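Just below is one structure, and these are the notes that go with it.
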Amino acid sequence: MKSVNKSALICVLLFTMTTLSAQTRRQSVDLLVLGGTIVTMDQTRRVIDDGGIAVVNGRIVAIGPRAEIESRYSARQRINATGKVITPGLINGHTHVPMVLFRGLADDLDLQEWLTKYIFPAEAKNVTEEFVRVGTRLGLAEMIRGGTTTYCDMYYFEDAIADETAKAGVRGVLGETIIDFPVADNKTNAEGMAYVEKFVNHWKGHELIVPAIAPHAPYTVSEEHLKAARAFSDRTGAPIVTHISETKREVDDSVKAKGASPVAYLERIAFLNERVIAAHMVWPQGSDIAILKKRGVGVVHNPQSNMKLASGVAPVPKMLSEQLQVGLGTDGAASNNDLNMWEEMDTVAKLHKVFTGDPKVISAQEAFELATIRGAHALHLDKEIGSLETGKRADLLVIDRDTLNQIPLYNVYSDLVYATKAADVESVVINGRIVMRNRRLLTLNETAIKHDARVFRDRIIKSLGTSTGPQ
Ligand SMILES: [Zn+2]
C-alpha cells in the first residue's frame with residue numbers, strides 16, 4: 001500500500017514538472033485569438049482554417065495554425081474564435097464623424113442645396129466642442145459595433161475628436177478642417193493654421209491617432225491657403241485630407257475659373273503628393289488618374305453618399321486597373337445615413353456592376369480589399385494596418401458565422417461582402433485591446449451616448465426653427 005502511494009506521488013510530481021516546463025517553454029503574450037477561419041488579406045491573401053494569432057504590445061507577433069500558436073504561446077487574455085471568421089478591422093476612409101447628429105436632418109437633395117441650405121446653417125448654429133464630443137462618441141460606438149477599427153475624419157474641433165477617439169481605443173487619421181469662411185472653432189485662416197499646428201504637435205507619434213490637416217476642397221480654399229496647407233504638411237509630415245472632384249459642377253466651375261480640372265489645377269500649384277488623401281474623385285478628367293497615380297495620392301470612394309446626393313459614379317474599376325490606391329468610405333452620416341462599412345462593400349460591388357453592365361467588375365474579394373488592405377494603402381498606413389500579418393498592428397474582428405443570413409457558407413469573401421451584416425460582428429480588437437467583446441462595448445457607455453445624442457436632436461430642431469420632429 002505504502003509503495004503504491006509512493007509511485008503515485010512520483011507520477012504526480014513528474015506530470016506537474018512536465019506541465020510546468022511546457023508552460024515555461026511557451027512564451028507569454030498579451031492576447032491569443034484561437035480557432036476560427038482567419039482571412040489575413042496578406043500579399044498572398046492567405047486564409048487559415050482553425051488559426052491562431054498572438055499579440056504583444058498591440059502588434060501581431062505570430063499568426064498561423066491554431067495548434068502551432070497554442071504550442072508556442074500562452075496568454076492571460078484569450079478570445080475563443082472557434083467556428084467564427086477573423087478578419088482585419090475595417091477602414092472607413094472618409095467621414096465627418098460628429099455629423100451623425102445631423103443624420104436624417106435633410107435628405108433627398110443635391111450636394112449644393114443640401115450643403116448651403118441645410119448643413120452649413122445647421123453647423124453654424126450648433127457646432128460646439130460639446131456637440132463634437134457627443135457626436136463623436138455616438139459615431140465611435142456605431143463604428144466599433146460595425147467592425148470599423150480605423151477611420152479618416154475631417155471636421156471642426158478635431159482635437160476633441162482625437163481625445164474621444166483615443167479614449168475609445170479607436171484608430172483615426174483625423175484632419176482639422178481649413179476652409180475660407182468663419183467656422184465654429186476658427187474664424188480666420190490664421191486661426192485655423194494656428195489650431196492645426198498645435199493639434200498636430202500634440203498628437204504626433206500617438207499610437208492610435210494620426211493628426212492631419214484637412215483643407216476642405218479646392219473650391220472652398222484659396223490657392224494661397226492650399227499652398228500653405230501643403231507647406232505645413234511638408235514641414236510636419238502630417239497627411240492632407242481633402243475632397244476632390246465630388247460633383248460635375250465642381251469640375252465645370254474649376255475649368256471655367258481656373259482653366260483646369262480640380263486635379264490638374266492642384267497639380268499645377270504643386271499640392272499633390274503621397275501624403276494626400278482625396279475623398280470622392282467622382283469626375284476625373286483627361287489625365288487626372290495618371291496624375292494621381294504619379295503623385296501617389298490615396299483616393300477614397302464613397303458609393304452610398306455619391307448615390308444619395310446624385311453626385312455620380314466614380315470610375316473605380318478604371319482606377320483599380322491603373323493601380324491607383326483606392327479605399328472605401330461612408331462620408332458623413334448626414335449624407336449616407338450611417339457609418340456602416342458592410343453596406344459600402346455590398347454597394348461598391350453592385351453599383352459598378354450595374355453602372356458598367358459587367359457583373360465581373362469589383363468582385364467580392366476586391367470589395368473586401370477596398371475596406372481593408374487597399375483602404376490602408378489609400379490612407380498611407382499599409383505598413384501598419386489593413387491585413388493580419390506578423391509585425392502589423394493587432395486590429396481585428398471576430399465575426400459570428402452562425403446567424404441565419406450567413407448559412408450555409410461556400411466562399412468566405414462572398415459571405416463577408418454580400419451576406420454579413422454589421423450586427424454579425426461579435427468582438428473587436430484595436431491595437432491589441434479588446435474594445436468590444438461578445439457584442440458588449442468595453443470603452444464606451446452606450447446608454448449615455450444615446451441619451452446625449454437625443455438631447456442634441458432637440459437643440460438642433462429648436463436652433464433651426466423648423467417643424468422637423470417625430471414623424
Ligand atoms: Zn466628405
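The values are calculated or read from the model by the stated rules, or taken from the named source; none is laboratory data. A quick note: this is a predicted structure, and the numbers were derived from the prediction, not measured. With ideal geometry, Cβ positions are generated from the backbone for all residues, glycine too; neighbour counts draw on all protein chains shown. Areas reflect the complete protein model, heavy atoms only, side chains present, ligands, DNA and RNA absent. Shrake-Rupley method; radii C 1.70, N 1.55, O 1.52, S 1.80 Å.
Values for this structure:
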{"quantity": "37 °C / 0.692 mPa s Stokes-Einstein diffusion coefficient of the chain, Kirkwood radius on C-alpha pairs, µm²/s", "calculated": "141"}
{"quantity": "Considering only region 146-258, percent of DSSP beta bridges that pair antiparallel, nearest 5", "calculated": "0"}
{"quantity": "Region 360-471 - percent relative contact order, Cα under 8 Å, separation 6 or more", "calculated": "19"}
{"quantity": "Ranked by how many other beta carbons lie within 10 Å on average, peptides 420-427, 300-307 from highest", "calculated": "300-307, 420-427"}
{"quantity": "Bridge type composition, the chain - antiparallel percent by DSSP, nearest 5", "calculated": "40"}
{"quantity": "Per-selection metrics, region 195-330 (Cα): Rg and Dmax in Å", "calculated": "14.7, 44"}
{"quantity": "Computed FRET value (nearest 0.05) for GLU129 with ARG437, which takes r as the C-beta separation and R₀ as 51 Å", "calculated": "0.95"}
{"quantity": "3J(HN,Hα) from dihedral phi, region 124-132, Karplus parametrisation 6.51/-1.76/1.60, rounded to Hz, x for glycine, proline", "calculated": "4, 8, 10, 6, 10, 4, 5, 4, 5"}
{"quantity": "Ranked order, HIS216, HIS380 - accessible area, probe 1.4 Å, largest first", "calculated": "HIS380, HIS216"}
{"quantity": "Pair LYS187, ASN445: separation of 7 Å Cα→Cβ label points (nm)", "calculated": "3.5"}
{"quantity": "Label zone at ASP358 (point 7 Å along Cα-to-Cβ), backbone N below 15 Å, region 286-311", "calculated": "none"}
{"quantity": "Value of relative contact order over the chain, rounded to a whole percent, pairs C-alpha under 8 Å and six or more apart", "calculated": "19"}
{"quantity": "Per-peptide average of other Cβ atoms within 10 Å, ordering 75-81, 399-405, 369-375 highest first", "calculated": "369-375, 75-81, 399-405"}
{"quantity": "Accessible area of TRP114 in the full protein assembly, 1.4 Å probe (Å², nearest 10)", "calculated": "20"}
{"quantity": "For region 148-189, radius of gyration divided by Kirkwood radius, i.e. Rg to Rh on alpha-carbons", "calculated": "1.05"}
{"quantity": "Peptides 186-196, 455-465, 162-172, 133-143 ordered by average Cβ neighbours within 10 Å, highest first", "calculated": "133-143, 162-172, 186-196, 455-465"}
{"quantity": "Per DSSP, loop chymotrypsin sites (Phe, Trp or Tyr not before Pro) in region 383-449 with at most 10 further Cβ within 10 Å", "calculated": "TYR410"}
{"quantity": "Region 202-208 - phi-based ³J(HN,Hα) in whole Hz, Karplus 6.51/-1.76/1.60, Gly and Pro as x", "calculated": "5, 9, 4, x, 5, 6, 10"}
{"quantity": "Exposure of GLU70 as accessible area (Å², to 10), given a probe of 1.4 Å and all protein chains", "calculated": "60"}
{"quantity": "In order through region 391-398: 3J(HN,Hα) via Karplus (6.51 cos²θ - 1.76 cosθ + 1.60), integer Hz, x for Gly, Pro", "calculated": "x, 7, 4, 7, 10, 8, 10, 10"}
{"quantity": "Spatial extent of region 348-397: Rg and Dmax, with the Cα atoms as the point set, Å", "calculated": "13.4, 41"}
